[in-house]
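The values are calculated or read from the model by the stated rules, or taken from the named source; none is laboratory data. Not measured: the values here are computed from a predicted model. Glycine gets a Cβ as well: all are built from the backbone with ideal geometry, and neighbour counts include every protein chain shown. Just so you know, the surface numbers come from the protein's heavy atoms only, side chains and all, with ligands and any DNA or RNA stripped out. Shrake-Rupley method; radii C 1.70, N 1.55, O 1.52, S 1.80 Å.
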Amino acid sequence: MADDAVVVVAAEVPARQVRTGHRFYVGFGVFVILLSFAGFAPSLIDQSRRFGPPTTLLMVHGATALAWLLLFATQALLVARRRVNLHRRLGWAGPIVAALVLLFGYYQLVDGAFRVSDLSGDFYRLMIEPGSPPFTEADYIVAFWGPLGQLVTFSLLVAAGIVFRRRPELHKPSTTK
């Protein structure tokens, strides 16, 4: 009987996984919202260097962009708080808000490129003096291509997010031991 010893093997217990990515995504969402306010607030508060008042299109574009950033931060916060079911139910709003951002972003870009006015005032605030003449149509057409590239990049990233939403290895933040 001594030869029939019972060997007890400890079951392999997976190491506790700590979700390291959720803090980054929540923090990044809050950072980008604060950065946007810091970037656009000067011309909203002091409009002396603007060549024209904010238009309805500009305000709608700003509201949809803010909605996108708030949705990003909310989705990251829901996952961080382990409210994944609510995160999934709210996920349908992402493509809709992204489409609105693209639509109003494009119309705002075209409107700004072909209208002699400075609707932002923020980027050029440091380069121009108050009372300077408005930029020419050629200046706005040249400035058209950078933001258009940003809209194309945004649309490609959103499309990739939609296509890969069910691929956990691409969708979820990485986990470590």
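For segment 44-73, how many residues are modelled with pLDDT under 95, hydroxyl-bearing (S, T, Y) and part of a helix (DSSP H, G or I)?
Here the count works out to 1.
Only one of (1) surrounded by fewer than 16 Cβ atoms within 10 Å (Cβ to Cβ); (2) part of a helix (DSSP H, G or I); (3) modelled with pLDDT under 90 is not met by F40, so which one is it?
(1)
Exactly one condition in (1) at pLDDT below 85; (2) open to solvent by 30 Å² or more (accessible area, probe 1.4 Å) is not met by L102; state its number.
L102 satisfies all of (1) at pLDDT below 85; (2) open to solvent by 30 Å² or more (accessible area, probe 1.4 Å) except (1).
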